[in-house]
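Below is one structure, written out as structure tokens; comments come after it.
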Amino acid sequence: MENGVAIKSKNRSGSISSPRHTLPPNTTCTYRFQGRISDHVWLSIASYWHEPLLSGQREPCPTRLRIWDGGGGGGGSGGGSSMLGDHCSRPKICDHSALRNHSRITRPCTAEESYISSTNSIIMQYYSKPGTAIHPSKFLIHYEFVDTALGGRPWANLEKEDRSRFRSCSRLFKGTQSGTISSPKNVFMYARGGAKSLACLYRIEAEPGEKISFTLYNVSFGSNANCQNTLHPYTDQYVCTHYDQRASRQSELEISELPWKDVKIQRSCFCDNSTVSKIPSGVYTLETVARVLEIRFKVYYVNSSEDFFDIYFHAKFRMFRKPDCPRRQRLRGSGGEIQMTISRGLPIDTNDSRQEIHIFSEEWHSTSRTDKDKGISQNPPSFLLRFIGKESGTALLNWLEISRSRTSSLLQSDIVSGNLSRSASLSENQTASSVFDCPFHCPELNACISDNLWCDGHRNCPSGYDELESHCDLKYKALRNYVILTSILVLIFILTIFVLVATIRRFRVGNKFAHDDMGPRRITTEETLYDQSSSTMSS
């Protein structure tokens, strides 16, 4: 006798138990769990028991439990599907899950305590040979359909540092004008499925001449939202302030754009469960300047019962046409000037009385040699500037490549090594020594600059020290002497070439005239000699 039960994915999870009525001998009960295309099926047996009532009637394999991965299994055959389990006695048991209720949380069932399909269906077949009247049996099985869909397409070209962290959850959205991005619904990526953390990386790429409009509708970090969001007054972007400063345990949703492959600009960071809902519009929206946008979703679990109902985010994106900036935005060299006119304003504090603000790259004031000691290569010093306007105005920016003088480098090295006695003596004579260490320098910065910037007609040092007449007169005199000397040498070289060419031409012309005067000559023979003697006698 066969009985079949079909369980579909409309109810994403549930439990099945053994029939309460008595089963006649040779009864087979078949359960088919059929999920969606992207589903896997997760079975965990909370309890399984069978025992004969008559002690003298023990048969080999009186009850049999078989589980297939896929659509086979009917009629005692696997039907081409792989067998997950074939048990006459005790199958895999996750017995502690039977203690779970609304007030009690138990640890998740592991893969060794469960049956997990690699397809979207599982066939489970229970067979009782003697029947349950003389050989009763009971079982309780929990099932769940696991959604493995992630959206987008796999992103294979991850950077080396992101490859191990985001390998299981990295998606690329490219070649589409709009789409939806949301956190995974795969329970095995969450604490309830046994995971300790979740790390997902999503990348959106627009076509040339397009930009990205991104809208975040909601985000939740469950019980690990140990962070507070603040709104930056100038940039209008949300900043994460973590209560726990351990970087390895910080949960956040980071939104960044990449104007260049090796440059990432963070646009906003969310780390609590209520910031988005408090925005007046109810959603967070941004429009990118670059063509690439990345979303990093990192969560570290503290509650073993949390899953995608507790930890999630949901967002949408669309492309819109916008031309790229016509000016060259990545600058290299010894220095330069940038001028920006913004119709909506500049993020400058009106209470700041300073007319100029000097900013150094972090390497200039660094006193740590940890990276050098470890042999880690450091990137060249650089600045990333972003102009944001709220009121009309103009910004003028001068950037300058500087280096330390020999004395300043020794002083910095002594500070790192702790040699304070020599650093004190060096600092007293630092200004005087710097003049001799590098003739092209800015004394107010105590830094050396490139000789290309010295007296080039532009004020590069904040004080204009590089354009003083006392410096530039010497340079102009040296330049004038250099030009005069070079001109004389060039003139001598030209005259030498001219004389050499004229001499060669005269030599060639002289040889030609000498050859023409000689003319053709006859060979001397007896007849010519006779003719000459005759002419002599007759004369």
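The values are calculated or read from the model by the stated rules, or taken from the named source; none is laboratory data. Bear in mind that the values here come from a model prediction, so they are computed numbers and not experimental data. We place every Cβ from the backbone using ideal geometry, glycine too, and count neighbours over all the protein chains shown. SASA here: full protein model, heavy atoms, side chains in, ligands and nucleic acids out. Shrake-Rupley method; radii C 1.70, N 1.55, O 1.52, S 1.80 Å.
Observations
- Each label point was placed 7 Å from the Cα along the Cα-to-Cβ direction; for Arg508 and Phe383 their separation is 6.2 nm.
- Summary of the geometry: the range 176-190 and the range 289-329, compared by the centres of their Cα atoms, lie 11 Å apart.
- Estimated at 0.36 nm per residue, the fully extended path between Trp399 and Ser15 surpasses their Cα-Cα distance by 131.5 nm.
- Protein accessible area in the range 137-218, 1.4 Å probe - carbon and sulfur %: 46 percent
- Placing a label point 7 Å from the Cα of Lys264 along the Cα-to-Cβ direction, the residues of the range 196-227 whose backbone N falls under 13 Å of that point are 200-204.
- Burial order of peptide ranges 203-213, 189-199 (average beta-carbon count within 10 Å, highest first): 189-199, 203-213
- Net charge contributed by nearby residues that have their C-beta within less than 9 Å of His135 (K/R +1, D/E -1): -1
- Counting Lys and Arg as +1 and Asp and Glu as -1 over every other residue whose Cβ lies under 9 Å from the Cβ of Glu257, the net charge comes to +2.
- Extension reserve of the Glu51-Thr235 stretch, reckoned as 0.36 nm per residue once the Cα distance is removed: 59.1 nm
- Over every Cα atom in the range 1-53, the radius of gyration and the widest Cα-Cα span, Dmax, amount to 13.7, 45 Å.
- Distance between the C-alpha centres of the range 212-243 and the range 76-132: 42 Å, rounded to the whole angstrom.
- With the simple spin-label model, which puts each label point 7 Å out from Cα in the Cβ direction, the Val283 to Ile497 separation comes to 7.2 nm.
- Here r is the Cβ-Cβ distance between His314 and Leu99 and R0 is 45 Å; the resulting FRET efficiency, rounded to 0.05, is 0.85.
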